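Undergrad: Below is a structure I'd like to ask you about.
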Amino acid sequence: MTRISPWWTPDRHQDRRPFLLARGRIKAAIRAWFENEGFTEVEPGCLQVSPGNEAHLHALSTEIIGPDLSRTRRYLHTSPEFAMKKLLAAGETKIFAFTPCFRNREHGPLHATEFTMLEWYRTDAPYEQVMDDAAHLLRLACETTGQRLISWRGAVAVPKGAADRLTVAQAFARFAGIDLLATLQNGSPDRDALAEQVQAQGITVRPDDSWSDLYSRVLAAVIEPKLGLGQPQLLIEYPTVEAALARPSPHDCRVAERFELYCCGVELANGFGELTDPDLQRANLEAQMALKHKVYGERYPLDEDFLASLAQMPAASGCALGFDRLVMLAAGATHIQQVLWTPPE
């Protein structure tokens with residue numbers, strides 16, 4: 001079997017270099033846009049008490065040894081979210097960061113163990129504002145590279161004009177023939193009701209599948225590949241049970257102020273109207289960790305400072321965007337390693 005040459009060999013680096021130069025131009029354009037909008041760039045630390053508390057995200061851990069030889073477990077964060085929200089509690093109002101993030105069990109054309117997250121927050125702003133931000137940044141990246149047509153694995157989209165908005169319930173009805181909200185009574189998931197509808201569509205249902213398992217299977221296999229075709233698309237109003245860090249929608253308690261930006265079937269960004277109720281946030285994160293322990297046999301600690309800071313945090317909306325994926329689409333790359341200066345071996 002022929003071994004692919006290392007990324008540092010001159011020939012391979014020259015093949016990747018146009019993408020890397022485009023990465024720099026895109027970062028400069030985005031940084032200039034945020035500064036023009038009155039944002040402050042911040043630098044959240046990567047080592048944290050908690051890496052994040054989403055059940056299906058897997059962290060890398062390390063050990064800090066003190067001068068007295070004491071040992072303390074710390075994690076490389078999966079997102080700078082907790083740290084940046086503490087800065088909002090401290091008095092910052094508009095912040096952004098390009099931050100290294102780390103996730104285990106992720107590898108492939110769209111995934112790397114170490115990657116760059118572009119994350120930003122606006123206080124006293126509706127989450128529709130950060131939706132518009134995310135769509136604008138995609139257009140800005142493409143304008144920077146001169147890319148008029150985005151293509152990924154046969155799908156195409158024109159990054160021009162406003163992104164289309166589609167609720168999760170509409171997407172399930174349109175692409176899977178499933179009435180999702182009918183399986184959420186007062187926000188509580190009815191596993192059997194969803195299983196019946198999923199099975200009727202010819203999709204596998206296993207005896208031990210939870211409501212969330214079935215939801216995720218339909219979303220990944222049936223819906224996501226059809227999102228952002230022709231033009232970028234915002235999937236909005238996620239079920240509350242799938243939005244642990246987002247505030248519930250004021251017009252329907254079954255859904256929350258969470259959105260994701262898609263282009264050519266690729267998820268680029270995940271944003272929220274931020275949940276600031278400390279008690280509800282604690283309950284949501286504890287539920288996520290209970291699920292993680294059930295499925296994977298492990299759990300991560302809660303960041304008590306983060307939970308305490310919520311009492312002082314103003315109303316805000318924020319978004320996390322996969323910067324490497326953005327560069328890939330805007331520069332015409334086909335694999336995430338093409339846009340990383342020093343990709344993992």
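The values are calculated or read from the model by the stated rules, or taken from the named source; none is laboratory data. The model shown is predicted, which means the values in this text are computed figures rather than measured ones. Every residue, glycine as well, gets a Cβ built from its backbone with ideal geometry; the counts of neighbours run over all protein chains shown.
Undergrad: Based on this model, can you work out whether Met328 counts as closer than 21 Å to Asp279 by Cβ and either of a type outside the set (D, E, K, R) or not in a helix (DSSP H, G or I) (or both)?
TA: The answer is no for Met328.
Undergrad: In region 125-177, how many residues are small (Gly, Ala, Ser) and within 25 Å of Met328 (Cα to Cα)?
TA: 11
Undergrad: Within the bounds of region 14-25, is there any residue that is surrounded by 15 or more Cβ atoms within 10 Å (Cβ to Cβ) and of a type in the set (S, T, N, Q)?
TA: No, because not a single residue in region 14-25 is surrounded by 15 or more Cβ atoms within 10 Å (Cβ to Cβ) and of a type in the set (S, T, N, Q).
Conditions (1) among the β-branched types (Val, Ile, Thr); (2) in contact with a Lys or Arg (Cβ under 7 Å, 6 or more places away or on another chain); (3) closer than 30 Å to Ala134 by Cα, marked per residue:
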position: Arg16; (1), (2), (3): no, no, yes
position: Asn53; (1), (2), (3): no, no, yes
position: Leu57; (1), (2), (3): no, yes, yes
position: Pro67; (1), (2), (3): no, no, no
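Residue by residue, here is whether (1) surrounded by 12 or more Cβ atoms within 10 Å (Cβ to Cβ); (2) in contact with a helix residue (DSSP H, G or I) (Cβ under 7 Å, 6 or more places away or on another chain); (3) modelled with pLDDT under 95 holds:
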| residue | (1), (2), (3) |
| --- | --- |
| Thr183 | yes, yes, no |
| Glu196 | yes, no, no |
| Thr204 | no, no, yes |
| Ala221 | yes, no, yes |
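Undergrad: Within region 169-285, which strands (runs of 3 or more DSSP E) (wholly inside it) include 1 or more residues that are acidic (Asp, Glu), touching a Gly at 6+ places or on another chain (Cβ under 8 Å) and touching a residue at least 40 places away in the same chain (Cβ under 8 Å)?
TA: By residue number, 252-263, 266-273.
Undergrad: What residue, of Val255, Val222, Val241, is more than 24 Å from Glu81 (Cα to Cα) and of a type in the set (A, V, I, L, M, F, W, C)?
TA: After applying the criteria, what remains is Val222.
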